[in-house]
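The structure under discussion appears below in the form of structure tokens.
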Amino acid sequence: MSALFCAVLGGGVGCTEASGGTDEKDAGIDGASVVTDAPVVDDALSRTDAPVVDDARADVDNGMPSTTYPAPHPPLPQLVNAAGGPVLKTPNVRLVVYPESPNQEPLATFAQRLAASTYWAATTEEYGVGHLSYAGTTVLTGETPPALITSTELQLWMAQKIQNGAFGTPDPQAIYTIVYPPNTRVEQPNPVNAIFGPVASCTNFRGYHNNVSIPSSDGGGVSYAYAVLATCSSSLGDLTEVASHEWIEASTDPQVTEMGLFTRSGGPNAAFYSVDADHAVWNILSLGGEAGDLCEVERPEAVYTPPDVGNAVQRTWSNRLAAASHDPCAPAIAGLPFFESAPVLDETVTFVSGPTGAVTTKGVRIPVGESRTVEVDLFSDGPTSGPWTVKAEDLLNRNYAGFGLATTLAFAWDRQQGTNGEKLHLTITVTDRSILGGGHAFVITSTLGNRRYEWPGTVVE
């Protein structure tokens, strides 16, 4: 989780995209099973045949099914580097395992195959990240894995190991990846409020990435990225899926924190940490706004097994595909049309909450106890097998009901099915005041067969 709602929910407590603490993700807070029946994929980052569509243009289809693909709709988000932070130009994976780890050799093989695959360039090249390499594995000979370690303790441990050369000559382009065995529990601060107690590996997250600054000889500091992988099952695919997610995010956002501190904005040198301001609510759709987080909710195609890798990986966000109104998760999947249901939210809304200060984004204003009806534009980038079904949910309640966030929104549709070009109408009622400074969030889920896509929106009292 990041940016806007990280601070709103955390009340000053740092957030990870999956849980809370260091600012990175788990490749699946819900523990979704790995999909290994890989669909055929193609490297379609250059597919820009579809026009960039803005709903400001005339509604030429009058809400009727259209064979012009895609029909007019609001734009998809763009993953932005608001702080202008660096990315890794020559990232290399350095694995760190405890003695007798059964995954030592399989993960090393996976890292080498990933480095040689077309997958890496398809997911990172557009962000300025270069070729991946595997730099070797360090076995922590004579060390016993901890039964419990907090994210703060882990960060200090990682800093000490890097500084004393335990993993070789310190390399700012490295992604130091510690793999913990099943009997190690990693804890992070709670994403909603520290009073709820910490969240834990395998229960709430499966991995994250962070960075640490090491003092340099010139009196400054050098930042080093690291990733943490929890072993939550006997499936190698679970580990490789999470590893691909974290290595991509560590490469596209290697300095997410400032001196290891948990921050609401990702730190002054964060890179591709969150989406553009108009789409700020997307940062909480999958509990994070980085490249891997944004594609978490796309199921079942979020995870697949590339033939040239042989293990499960996660697809991640592509600005190029999003700008062309294709499925924004790369690599692109051949033969599966992308379909979505986009609420038209053209008001500029602002609310103030906790340490976040004023948050300005696109949304809709609805006072408590009142209702508003918004247009929902249905579009696809090609013919679908039939109409898809939509539903709306209170997003904050869906993601954080377990932490005490009650439902504050109610919904009513004029109808709940449609195809490209059709326009549905969603009536939103604010049923109670938000405890988050007047900010609410909802999400529209589009389902066709076993496939689903989601589009969130912001409501301000």
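The values are calculated or read from the model by the stated rules, or taken from the named source; none is laboratory data. Values in this document were obtained by computation on a predicted structure and should not be read as measured data. A quick note on method: Cβ atoms are made from the backbone with ideal geometry, for glycine too, and the neighbour counts reach across all protein chains shown.
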Members of the stretch 177-210 that are of a type in the set (Val, Ile, Thr), part of a loop (DSSP other than H, G, I, E, B) and surrounded by 16 or more Cβ atoms within 10 Å (Cβ to Cβ): THR184, VAL192
Residue count for the stretch 74-101, restricted to those that are in contact with a Gly (Cβ under 8 Å, 6 or more places away or on another chain) and outside any loop (DSSP other than H, G, I, E, B): 3
Answer from ASN397, ASN420 - the residue that is free of Cβ contacts under 8 Å to residues at least 24 places away in the same chain, surrounded by 14 or more Cβ atoms within 10 Å (Cβ to Cβ) and either part of a helix (DSSP H, G or I) or in contact with a Leu (Cβ under 8 Å, 6 or more places away or on another chain) (or both): ASN397
Cross-chain or 6+ apart pairs with Cβ under 7 Å, the stretch 360-378 first and under 21 Å from GLY418 (Cα atoms), then of a type in the set (Asp, Glu) and modelled with pLDDT of 95 or more: LEU378/GLU422
The stretch 344-367 - residue that is outside any strand (DSSP E or B) and not aliphatic (A, V, I, L, M) and, of those, modelled with the lowest pLDDT: PRO355
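Yes/no matrix, rows are residues, columns are (1) touching an Asp or Glu at 6+ places or on another chain (Cβ under 9 Å); (2) at pLDDT 95 or above; (3) under 23 Å from PRO383 (Cβ atoms):
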residue	(1), (2), (3)
ASP42	no, no, yes
PRO51	no, no, yes
ARG57	no, no, yes
ARG94	yes, yes, no
PRO106	no, yes, no
Total residues in the stretch 213-231, condition closer than 22 Å to TRP157 by Cα and not in a strand (DSSP E or B): 5
Counted residues, the stretch 431-456 - those being outside any strand (DSSP E or B), at pLDDT 95 or above and touching a Gly at 6+ places or on another chain (Cβ under 8 Å): 1
Residue within the stretch 226-233 that is free of Cβ contacts under 8 Å to residues at least 60 places away in the same chain and out of contact with any strand residue (DSSP E or B) (no Cβ under 9 Å at 6 or more places or on another chain) present: yes
Selected residue [surrounded by 24 or more Cβ atoms within 10 Å (Cβ to Cβ) and touching a residue at least 60 places away in the same chain (Cβ under 8 Å)] from ALA334, ALA280, ALA323: ALA280
Number of positions in the stretch 115-136 that are aliphatic (A, V, I, L, M) and either in contact with a helix residue (DSSP H, G or I) (Cβ under 6 Å, 6 or more places away or on another chain) or at pLDDT below 95 (or both): 2
Positions within the stretch 161-176 being over 22 Å from VAL87 (Cβ atoms) and in a loop (DSSP other than H, G, I, E, B), in sequence order: ASN164, GLY165
Residue, farthest from LEU321 (Cα to Cα), within the stretch 115-144, restricted to residues that are touching a Phe, Trp or Tyr at 6+ places or on another chain (Cβ under 6 Å) and touching a residue at least 24 places away in the same chain (Cβ under 8 Å): LEU140
Selection count where residues are part of a helix (DSSP H, G or I), of a type outside the set (A, V, I, L, M, F, W, C) and closer than 22 Å to SER235 by Cα, scope the stretch 102-160: 7
Residue ID - farthest from the chain's Cα centre (by Cα), chosen from residues in the stretch 203-251 that are aromatic (Phe, Trp, Tyr) and farther than 17 Å from PHE167 by Cβ: PHE205
Residue within the stretch 169-191 that is free of Cβ contacts under 8 Å to residues at least 12 places away in the same chain and farther than 18 Å from GLU290 by Cβ present: yes
Matching option when the condition is over 16 Å from SER446 (Cα atoms) and buried (at least 21 other Cβ atoms within 10 Å of the Cβ), among GLY363, GLY369: GLY363
Test: GLY266 is of a type in the set (Gly, Ala, Ser) and either modelled with pLDDT of 95 or more or more than 18 Å from the chain's Cα centre (by Cα) (or both): no
